Amino acid sequence: MEQIVKPYRYLLMVIPAVAAATALFVLPVSYDEAWTFLNFTQKGVAYSASHYPAPNNHILHSILTVGMDALPGLKHLWKIRLSSWIVFVLGLIATFHIVRRHFGTETAILVSAVAPVLFMTFYYSYMSRGYGLAYLLFLLCFDRAWSISAGNNNWKQWLWLSVWGALGCYTLPSFLYALVTLHVFLLVSHPKNIVRQGVWSAATLALIVALYLPLLQTEGLKSITSNRFVEPIGLSQTLRELPGFLVHLVEELSGFSRWLLLPLLALSGWHLIRSRNRRLVLFAGCVVMVPVVMMLIQRTIPFPRTFHYLAFPMTLLLMVPMAPLVRRMRPAVVLGAACTLQLVFLAHFALKIGAYEDRDMALNTTASAIIPEIEGDKRYFFVGTLLPTNLEFELIDDGYQQYHIEYGYTEDAAKVSGFDYVIIQKEQDHSVVKPLWSTPYYAVYGGMTSSR
């Protein structure tokens with residue numbers, strides 16, 4: 001099987017990397033990307049590191065976009081997405097080498113063929129958000145944690161676990177779910193290491209505090225720990241919603257139906273128990289139970305993307321039982337099947353991405369359809385919609401500077417004057433005039449400018 005290691009680098013990495021690069025250039029900007037650019041990338045490193053008005057600021061990612069945006073000759077959208085694509089490519093390399101080191105070549109091929117092209121993993125391969133970076137940092141943390149659990153208990157392993165873990169938390173505060181999972185796994189694997197683990201956990205915490213220090217000085221700890229989009233809902237409600245959330249999470253991570261994935265995961269769990277692989281069983285148990293316990297303690301149900309990193313352990317646990325079968329197959333057959341599987345998954349992504357972006361009142365799909373028709377050095381009046389964020393990004397990206405965007409309230413577009421376009425959210429719209437464009441959520445009217 002080692003014969004296919006070299007070709008892997010040219011096929012199993014190239015296919016998802018090229019597909020992600022294509023998406024980077026082709027797919028329109030999302031609201032979160034536009035918001036990140038307008039509120040952080042444009043304002044520089046110091047501002048990004050010291051202000052946290054909303055969880056959209058994935059600080060380490062925001063800092064990387066500042067550097068990328070300085071590149072000459074490219075559109076802003078391409079530049080801010082470039083860091084995510086580079087991180088994705090590094091993740092492709094890391095996935096193969098980490099899994100190969102700990103589980104063998106056959107498992108590495110299987111995991112590398114599937115994990116990078118699962119729906120949510122691939123979505124953040126080009127999207128300028130911090131989730132792809134957090135995924136890479138989880139891989140690096142897992143590599144060190146698995147080595148420590150195997151008995152390689154030297155200070156270098158703990159040091160890098162601390163560094164990667166702190167950077168993960170600096171990217172997303174919710175990375176704490178991943179980091180605590182790995183530390184619980186290490187604790188139950190080797191409880192005799194509790195003192196050393198405690199020392200390095202304290203070192204990790206100190207490093208996290210040092211990274212967040214500019215933000216703590218300007219806005220305080222509450223700016224990080226409170227999330228107005230994920231409020232505590234009480235223990236009983238959390239217990240009621242948790243099973244449905246976990247099933248939905250599996251679908252979000254993979255892009256496939258629960259009826260396909262849950263039986264496969266159940267078979268994988270049965271195989272793990274039969275294999276009596278203590279470390280893998282403990283790891284699987286921690287991956288499932290630690291986030292659940294943390295959600296119950298916090299009494300919250302986060303967004304599914306919070307657990308984006310779980311795409312890797314989910315794939316690993318599914319693929320480990322299949323490695324003995326792959327070992328009996330010819331290398332060319334394995335490589336061909338792996339590449340074909342990637343293409344199938346990518347085709348599945350292409351079929352689903354439109355519906356996925358149609359969420360949240362079809363904000364991203366509506367923006368990409370309407371904005372090219374109305375952008376320019378114009379005057380815009382918005383009522384009850386988030387579209388201005390996408391519009392302003394596109395105006396800046398296309399070089400317009402004399403535009404004016406204003407927010408207000410009206411139920412009748414005919415009553416607004418002095419603007420080229422009036423955009424009203426449908427539930428607030430009672431205009432009698434006919435709109436220029438209309439969607440199930442928004443109506444766009446030609447306004448009356450002062451020059452008319």
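The values are calculated or read from the model by the stated rules, or taken from the named source; none is laboratory data. The model shown is predicted, which means the values in this text are computed figures rather than measured ones. Because the Cβ atoms are built from the backbone with ideal geometry, glycine has one as well, and the counts that use them run over all protein chains shown. Each accessible area value is taken on the protein alone, full model and side chains, heavy atoms only, with ligands, DNA and RNA left out. Shrake-Rupley method; radii C 1.70, N 1.55, O 1.52, S 1.80 Å.
Okay, here's what the table says:
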item	result
Cα-based reach from residue 43 at 20 Å (exclusive), listing aspartates and glutamates while leaving out same-chain residues under 8 positions away	32, 33, 69, 219, 392, 394, 397, 398
Segment 232-348: translational diffusion in µm²/s, Stokes-Einstein, Kirkwood Rh over Cα pairs, 10 °C, 1.306 mPa s	99
Karplus 3J(HN,Hα) series, Hz, for segment 19-28 with 6.51 cos²θ - 1.76 cosθ + 1.60 (x for Gly, Pro)	4, 5, 5, 5, 4, 3, 8, 9, 6, x
Integer Hz, Karplus 6.51/-1.76/1.60 couplings in order for segment 79-94, x for Gly and Pro	5, 6, 7, 4, 5, 5, 5, 4, 4, 4, 5, 4, x, 4, 5, 4
Over segment 187-233: Kirkwood hydrodynamic radius from C-alpha pairwise inverse distances, Å	13.1
Alpha-carbon centroid distance for the pair segment 181-231 / segment 72-123, whole angstrom	26
Value at 222 nm in deg cm²/dmol, rounded to 500, when DSSP H runs of n ≥ 4 in the chain each add -39,500 (n - 2.57)	-21500 deg cm²/dmol
Surface accessible to a 1.4 Å probe, per residue, for the residues of the chain, Å²	45
Segment 155-227: translational diffusion in µm²/s, Stokes-Einstein, Kirkwood Rh over Cα pairs, 10 °C, 1.306 mPa s	123
Percent of alpha-carbon pairs separated by more than 19 Å within segment 92-185	44
For the chain, diffusion coefficient by Stokes-Einstein and Kirkwood Rh (Cα), 25 °C, 0.890 mPa s, µm²/s	103
On Cα atoms only, tilt of 176-189 relative to the major axis of the chain in degrees	10
12 Å tail of the calculated P(r), segment 125-168, as % of Cα pairs	58
Once the Cα gyration tensor of segment 116-268 is diagonalised, semi-axes √(5λ) in Å	27, 23, 17
Of all DSSP beta bridges in segment 358-452, antiparallel share, percent nearest 5	45
Set of lysines with alpha-carbon distance to residue 352 below 19 Å, sequence-local pairs under 8 removed	none
Exposed chymotrypsin sites (Phe, Trp or Tyr not before Pro) absent: longest stretch of the chain, with sites in DSSP loops and at most 11 other Cβ within 10 Å deemed exposed	1-228
Per-selection Rg to Rh, segment 312-385 - Cα, Kirkwood hydrodynamic radius	1.30
Long pairs among 75/378; 75/415; 378/415; 156/192; 378/434, criterion Cα-Cα beyond 28 Å	75/415
Cα-based radius of gyration of segment 358-426 once divided by 2.2 N^0.38 Å, which approximates compact folds	1.07
Between helix 131-149 and the chain: long-axis angle, C-alpha atoms, 0 to 90°, nearest 10	10
Pairwise centroid distance, computed over Cα atoms, of segment 311-329 with segment 375-452, Å	52
Area projected by the alpha carbon convex hull of segment 1-126, averaged over all directions, nm²	8.7
For segment 309-452, the spread of Cα positions along each principal axis, largest first, Å	77, 33, 25
For segment 95-109, Karplus couplings with θ = phi - 60° (6.51, -1.76, 1.60), whole Hz, Gly/Pro x	4, 5, 5, 5, 5, 4, 5, 9, 10, x, 5, 4, 5, 4, 5
